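Worksheet: one structure, shown below.
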Amino acid sequence: MTATIERGAATAPVTSPAPVKKPTRKRPRGFLSSSNGKKVVMAVTGAVMVTFLILHMLGNLKIFISKESFNEYAHALRTLLEPLLPYRTVLTIVEVVLVASVVLHMWAAISLARRAHSARPVKYVAKKSQANGYATHIMRLGGVTILLFLIWHLLDLTFGVVNPKGFDSSPADRMIAGFDPSRWWVAIIYFAAVVMVGLHLRHGVWSAFQTLGWANRDRNKGLRLGAGLLSAVLVVGFLSPPLAIMFGVVQ
Amino acid sequence: MSFLEMLDVLNERLILEGDDPIAFDHDCREGICGMCGMVINGVAHGEQRATTTCQLHMRHFEDNATITIEPWRAAPFPVVKDLVVDRSAFDRIIQAGGFVSVPAGSAPDAHSIPVRKEDADAAFDAATCIGCGACVAACPNGSASLFTAAKITHLSLLPQGQPERLSRAKAMVDQMDAEGFGGCTNTGECTAVCPKGIPLDTIAQMNTDYLKANAK
Ligand code: HEM
Ligand code: SF4
Ligand code: FES
């Protein structure tokens, strides 16, 4: 036999980690500090955000009906339940819930990522993904991309800080000016982000069902398909208004 | 020649040459004890699906190929030597709740508690987990969810497992966390390398039971 062996990788850098602590706790740890609890937080806040995205997409599509229809919709968001409640009450509540969801979702994502990191202090020399590695790569990276975009997006179309029309303009004007062909780079940021959201949700929506214990062998095919379809609908729904504006269909 | 026999041959040669043999774990060499785990060319138990390392044969490799072998790498599985890791963390997860409390005495009649065929089959599928740890080794998060879920599902599908169902799920998941395993992100790497093909369903079952245990 002519085999040669090289022993470096297997033995050298493997420092035996500190002995695993025998749990010393007397009381059970809280739900939110458990890995499962964090996943549930992620799934529930994710579901809140997905619901929002669906409504947000439907709202955006009103630009295809008319600019007025879109402006009315934006206005209605602020005056919802108006005689009963003061101006912007409902919208403010929705905004608070959304901000809380984003923060909690990220908190859970970050603490799970840190836990994962300390569970594997020594990396593999060779590692081949057997489940195509999609979720591993897309979710955390995609999440960060989405967050950066979210900040830009709010500055652009909500606060008008980086929008050519500024804040004293109608929502439809801001949207149309925002996606003026001369600002093609905005469209590129927007496209990349929307696609990322789609990729995030392709795994995320199914994953949320699994996390909440509603997935099983019989339903998985349907759930995966549903998650894919929903993601595709969201991507198309969010990309069609800017595309229409850039190609002059909506002016 | 099996993969482990190849290591035996290699070790004999190393010993004759006055070198240290490569330490690796094994026991049954028939795919049922779960001792022989190692990451072969980046895949836990090697690329052959649903196969333990001891059941992997050298005919699946090309002549003179370079093979990279690594131990399971996870903080809760400290490396003892070379390819040998300490999987006691799994034992402690079992001790936390992977049992049913029954009054001792003579064995009850096998048919005294009826079990639906579907439940019996699913419980049996989950019970085939041999505790090898490949799921942890393959998981990008170093999570022990598939193992823990297999054990929880196995018992929670059977009538004998009902009384302690929720407390078991809670105790075992909390122990899994306490041992320093990562959380599950549903990547499916575990089930792909599991020599027994334990399905992700078991993790959904574990999540359900854990959620219910905490809601109480
Ligand atoms: C538009 C905003 C977002 C929506 C609608 C969304 C939705 C979701 C959903 C439904 C899940 C599945 C939850 C589960 O597995 O139980 C998920 C998981 C996840 N999200 Fe988000 N998310 C958003 C933004 C973010 C951001 C900003 C981050 C980054 C900090 C992030 C990071 C993650 C990670 C790491 C996972 C875990 C992947 C997994 O468990 O497989 N997400 N998201
Ligand atoms: S679930 Fe599969 S991979 Fe994990 S310990 Fe059990 S048999 Fe091994
Ligand atoms: S040696 Fe027992 S499973 Fe491989």
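The values are calculated or read from the model by the stated rules, or taken from the named source; none is laboratory data. Small disclaimer: the values here were computed from a predicted structure and weren't measured. A quick note on method: Cβ atoms are made from the backbone with ideal geometry, for glycine too, and the neighbour counts reach across all protein chains shown. When the accessible area is computed, the model is the full protein with side chains, heavy atoms only, and any ligands, DNA or RNA have been set aside. Shrake-Rupley method; radii C 1.70, N 1.55, O 1.52, S 1.80 Å.
Annotations for the structure displayed:
- Put simply, the C-alpha atoms of the stretch A:99-251 give a gyration tensor, and the ellipsoid matching it has half-axes of 34, 19, 15 Å, longest first.
- The portion of the accessible surface of chain A made up by carbon and sulfur, rounded to a whole percent, is 70 (1.4 Å probe; DNA, RNA and ligands excluded).
- Size of the B/A contact, given as accessible area buried on both chains, probe 1.4 Å, in Å²: 5000 Å²
- Relative to its residue count, the stretch B:80-216 spans a Cα convex hull of 127 Å³ per residue.
- Sequence-distant residues sharing a close amide H with B:Val43 (under 5 Å, placed H): A:Lys128
- Residue-wise HN-Hα couplings along the stretch A:175-182, as the Karplus relation 6.51 cos²θ - 1.76 cosθ + 1.60 with θ = phi - 60° gives them from phi, are 5, 5, 5, x, 9, 4, x, 5 Hz; Gly and Pro carry x.
- Of all accessible heavy-atom area on the stretch B:3-70, the percent that carbon and sulfur account for (1.4 Å): 44 percent
- With 30 Å² as the minimum drop in accessible area between chain alone and full protein complex (1.4 Å probe), the qualifying residues in the stretch B:38-87 are B:Gly42, B:Val43, B:Glu47, B:Arg49, B:Glu70, B:Arg73, B:Ala75, B:Pro78, B:Val79, B:Asp82.
- Sorting B:Ser2, A:Ser240 by accessible area puts them as A:Ser240, B:Ser2; the probe is 1.4 Å, largest comes first, and only protein heavy atoms count.
- Cα-based helix-to-principal-axis angle, A:184-211 vs chain A, degrees rounded to 10: 50 degrees
- Computed about its Cα centre, the charge dipole of the stretch B:79-216 is approximately 220 debye, with only Lys, Arg, Asp and Glu carrying charge at their Cβ.
- Tilt relative to chain B, helix B:3-16 - C-alpha long axis, 0 to 90 degrees, to 10: 40 degrees
- Neighbour cut-off at most 15 other Cβ (10 Å), DSSP loop, chymotrypsin sites (Phe, Trp or Tyr not before Pro), the stretch A:129-180: A:Phe159, A:Phe167
- What the stretch B:85-137 shows is 58 Å² of accessible area per residue, with the surface traced by a 1.4 Å probe over protein heavy atoms.
- Inter-label distance, B:Glu164 to B:Asn41: 4.3 nm, where each label sits 7 Å from its Cα along the C-beta direction.
- Selection of trypsin sites (Lys or Arg not before Pro), the stretch B:1-108, meeting DSSP coil and at most 11 other Cβ within 10 Å: none
- In order along the stretch B:171-182, the phi-based Karplus estimate (6.51 cos²θ - 1.76 cosθ + 1.60, θ = phi - 60°) of 3J(HN,Hα) comes to 4, 6, 5, 5, 5, 4, 5, 4, 6, x, 6, x Hz; Gly and Pro are listed as x.
- Per the Kirkwood formula applied to alpha carbons, the protein assembly as shown shows a radius of gyration over Rh ratio, Rg over Rh, of 1.07.
- Interface burial in the stretch B:177-196, defined as at least 40 Å² less accessible area with all protein chains than with the chain alone at a 1.4 Å probe, covers B:Asp177, B:Ala178, B:Gly183, B:Thr185, B:Asn186, B:Thr187, B:Glu189.
- For the residues B:Pro163, B:Pro71, B:Pro140, a GNM of chain B with alpha-carbon springs under 10 Å puts the largest fluctuation on B:Pro163.
- Taken over the stretch A:39-118, the ratio of Cα radius of gyration to 2.2 N^0.38 Å equals 1.43.
- Going from the chain on its own to the full set of protein chains, the stretch A:30-48 has these residues losing 10 Å² or more of accessible surface (heavy atoms, 1.4 Å probe, no ligands, DNA or RNA): A:Phe31, A:Ser34, A:Ser35, A:Asn36, A:Lys39, A:Val40.
- Accessible-area rank, largest first, for A:Leu84, A:Leu98: A:Leu84, A:Leu98, with all protein chains present and a 1.4 angstrom probe.
- Of the residues A:Lys165, B:Lys170, the one with the largest accessible area comes first in the ranking A:Lys165, B:Lys170, computed with a 1.4 Å probe on protein heavy atoms.
- The phi torsions of the stretch A:147-152, fed into the Karplus equation with coefficients 6.51, -1.76 and 1.60 and a -60° offset, translate into couplings of 4, 4, 4, 4, 5, 4 Hz, rounded to whole numbers, with Gly and Pro shown as x.
- The amide H of B:Gly182, built 1.01 Å from its N in the peptide plane, has B:Ser143, B:Ala144 as neighbours under 5 Å, considering only residues 5 or more places off or on other chains.
- For chain A, the longest principal axis of the Cα atoms and the long axis of helix A:217-246 meet at an angle of about 40 degrees.
- In Å², nearest 10: area of B:Lys212 left accessible to a 1.4 Å probe: 100 Å²
- Amide H partners (placed H, <5 Å) of A:Tyr124, local residues excluded: none
- Mean ellipticity per residue at 222 nm, deg cm²/dmol - from DSSP H runs of n ≥ 4 across chain B, formula -39500 (n - 2.57): -12000 deg cm²/dmol
- Remark: the stretch A:103-251 carries a charge dipole of roughly 1060 debye about the Cα centre, counting +1 on each Lys and Arg Cβ and -1 on each Asp and Glu Cβ.
- Anisotropy class of the stretch B:3-70 from Cα gyration tensor, a/c 1.5 cut: oblate
- The stretch A:192-251: chymotrypsin sites (Phe, Trp or Tyr not before Pro) in DSSP coil with no more than 13 other Cβ atoms inside 10 Å: A:Phe247
- Just the protein heavy atoms count here, and of the accessible area of the stretch B:86-216 at 1.4 Å, carbon and sulfur take up 58 percent.
- Using distinct alpha-carbon pairs, which all enter the 1/r mean, Kirkwood radius of the stretch B:1-156 in Å: 17.7 Å
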